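**Student:** Mind having a look at this structure? Questions to follow.
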Amino acid sequence: YILYVGAVLTLQPNWTEVYRGETITLRCEIKDGGDTEWEYEWRTTSSKKPSDQNEHSISSVTESHSGDYRCKGRKKHTQHSSTDWSDSIKLTVSDVPVKAVVIPQPNWTEVYVGERITLRCEIKDGGDTEWEYEWRTTSSKKPSDQNEHSITSVTESHSGYYRCKGRKKHTQHSSTDWSDSIKLTVSDDPLPVLTVSPSWLSAGASVTLNCSVKDPSAGWRFYWYKRTHTAGYMCRAGRGDPVFYSSYSTPNFAWSAVPNKAVVTLQPNWSEVYVGERITLRCEIKDGGDTEWEYEWRTSSSEKPSDQNEHSISSVTESHSGDYRCKGRKKHTQHSSTDWSDPIKLTVSDSKSHHISFSEDYTYLYQNTELCYNENKAKDSLNGGLFYMKISVLCLTSYHMLFFRYSLISISHSES
């Protein structure tokens, strides 16, 4: 008898991994053998046995159709003229993927007029080439039936909800469930807001500039600009590839106050003093409360002042001679400080004594009596007498010898 080489088993559509509900056809073909002359025999490991036809169609596959299939042909009306068994085809039937997923690229759904965005319909374990896609949207712009829906320049008409599903090509029934909806919101051009903190500061102080987008969304990078002529600052935001830029922010300025000036004052108000005297150096800051400031002193003397606003010396010595200056710094900051004050020069000399005598008309005033005059009182009370005294401070008792500071007292005779 004549033995043909073999049968060939084919599958339509030509994939062996199918989903529940799909339609497939298994065909047994014999080279150089007319279909009408042959009977067919099938073998399968599935629980569903094919008929003895050359085609075995399944309109809605189930998991029970999974298995190996093979076939052979036998000439009608004969018992012995048959082909070899075909090679096996393994059919795998799986559940339909539960759901499609809409994924935006870039990964944000709050977009602005002019931006580019792509909506992708993805199906788990489903190759893109095997699926057709269906979209639904509440926007006025309908997507195509591709897995990607790209919008090169969005407008407000693209706002709305989007969802999709997939359906196996060449079938009517094997489709996924609808994806969850995503909401695409399209707004006008974002206006960045530039803030300066603090808005008013002292020279040298730290300042923070903050650029933010109103109704913030993801993906922004910020770009900074300084205006050449006005010294103001601006910013704008950008995101995506290619970059979509926002408008520029309104210019903002970091205002700097004129630095506070420190001043060194001396009490009493003379800079030439003698050994043993008491003086106080005070650091004063215009428009600056003492409680808000820390103080720093510099001196060419060998005696270093403390960090208080007042530096008192109860008994000066020559080692206190030198230049003194100070500055203030705002408490709890490192940079907000005043300029250095102008220096004040302190000269400490040895004591010098000078005897001063008064006429008899005035000496009785000093017996058992303490007299203290400031400069004006001394002038007023003595101006009409024989002697004129220019005195800053004068305190005398009957037990003191009449010795006075040469540098601060002058005596002149006046005609009466």
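The values are calculated or read from the model by the stated rules, or taken from the named source; none is laboratory data. This one's a predicted model, so the numbers in the text were calculated from it and none came from an experiment. Note that each Cβ is placed from the backbone with ideal geometry, even for glycine, and that neighbours are counted across all protein chains shown.
**Student:** Just give me the residues in the stretch 86-121 being closer than 30 Å to THR25 by Cα, surrounded by fewer than 16 Cβ atoms within 10 Å (Cβ to Cβ) and modelled with pLDDT of 90 or more, in sequence order.
**Tutor:** Across the stretch 86-121, the qualifying residues are ASP87, SER88, LYS90, THR92.
**Student:** Please tell me if HIS77 is surrounded by 17 or more Cβ atoms within 10 Å (Cβ to Cβ) and either out of contact with any helix residue (DSSP H, G or I) (no Cβ under 9 Å at 6 or more places or on another chain) or without any contact (Cβ under 8 Å) to a residue 12 or more places away in the chain (or both).
**Tutor:** Criteria not met by HIS77.
**Student:** Can you report the number of residues in the stretch 157-192 which are of a type in the set (D, E, K, R) and exposed (fewer than 14 other Cβ atoms within 10 Å of the Cβ)?
**Tutor:** Qualifying residue count for the region: 6.
**Student:** Taking the stretch 296-317, which residues are surrounded by 12 or more Cβ atoms within 10 Å (Cβ to Cβ), out of contact with any His (no Cβ under 8 Å at 6 or more places or on another chain), at pLDDT below 90 and more than 16 Å from GLN267 (Cα to Cα)?
**Tutor:** Scanning the stretch 296-317 gives a single hit, ASP307.
**Student:** Here's a follow-up. Please return the ranges of strands (runs of 3 or more DSSP E) entirely within the stretch 51-132 where 3 or more residues are not hydrophobic (A, V, I, L, M, F, W, C).
**Tutor:** Output list reads 55-58, 67-75, 89-94, 117-123.
**Student:** If VAL18 satisfies every condition in (1) out of contact with any Asp or Glu (no Cβ under 7 Å at 6 or more places or on another chain); (2) modelled with pLDDT under 90; (3) in a loop (DSSP other than H, G, I, E, B) but one, which is the exception?
**Tutor:** With respect to (1) out of contact with any Asp or Glu (no Cβ under 7 Å at 6 or more places or on another chain); (2) modelled with pLDDT under 90; (3) in a loop (DSSP other than H, G, I, E, B), VAL18 is out only on (3).
**Student:** Now for a different question. Run SER66 past the list (1) at pLDDT 90 or above; (2) in contact with a Pro (Cβ under 6 Å, 6 or more places away or on another chain) and report the number of the one that doesn't hold.
**Tutor:** Of everything listed in (1) at pLDDT 90 or above; (2) in contact with a Pro (Cβ under 6 Å, 6 or more places away or on another chain), SER66 misses just condition (2).
**Student:** Same structure again: For the stretch 169-186, how many residues are modelled with pLDDT under 90 and part of a strand (DSSP E or B)?
**Tutor:** The qualifying residues number 2.
**Student:** Next up: Mind listing just one residue for me: the one in the stretch 58-74 that is over 60 Å from the mean Cα position of the chain (by Cα) and crowded, with 17+ Cβ neighbours inside 10 Å and, of those, farthest from ARG20 (Cα to Cα)?
**Tutor:** ARG74
**Student:** So, one more: Exactly one of these conditions fails for LYS49: (1) in contact with an Asp or Glu (Cβ under 9 Å, 6 or more places away or on another chain); (2) basic (Lys, Arg); (3) at pLDDT below 90. Give me its number.
**Tutor:** Going through (1) in contact with an Asp or Glu (Cβ under 9 Å, 6 or more places away or on another chain); (2) basic (Lys, Arg); (3) at pLDDT below 90 one by one, LYS49 breaks only (1).
**Student:** Turning to a different aspect of this structure: Return the pairs, sorted by first residue and then second, in which the second residue is surrounded by 15 or more Cβ atoms within 10 Å (Cβ to Cβ), the first residue lies in the stretch 261-272 and is in a loop (DSSP other than H, G, I, E, B), the beta carbons are less than 6 Å apart, and the residues are 6+ apart or on different chains.
**Tutor:** That search, which allows pairs on different chains as well, returns SER271/LEU346.
**Student:** What residue, of THR265, THR250, is loosely packed, with under 14 Cβ neighbours inside 10 Å, over 30 Å from TYR225 (Cβ atoms) and modelled with pLDDT of 85 or more?
**Tutor:** Testing whether each residue is loosely packed, with under 14 Cβ neighbours inside 10 Å, over 30 Å from TYR225 (Cβ atoms) and modelled with pLDDT of 85 or more leaves just THR265.
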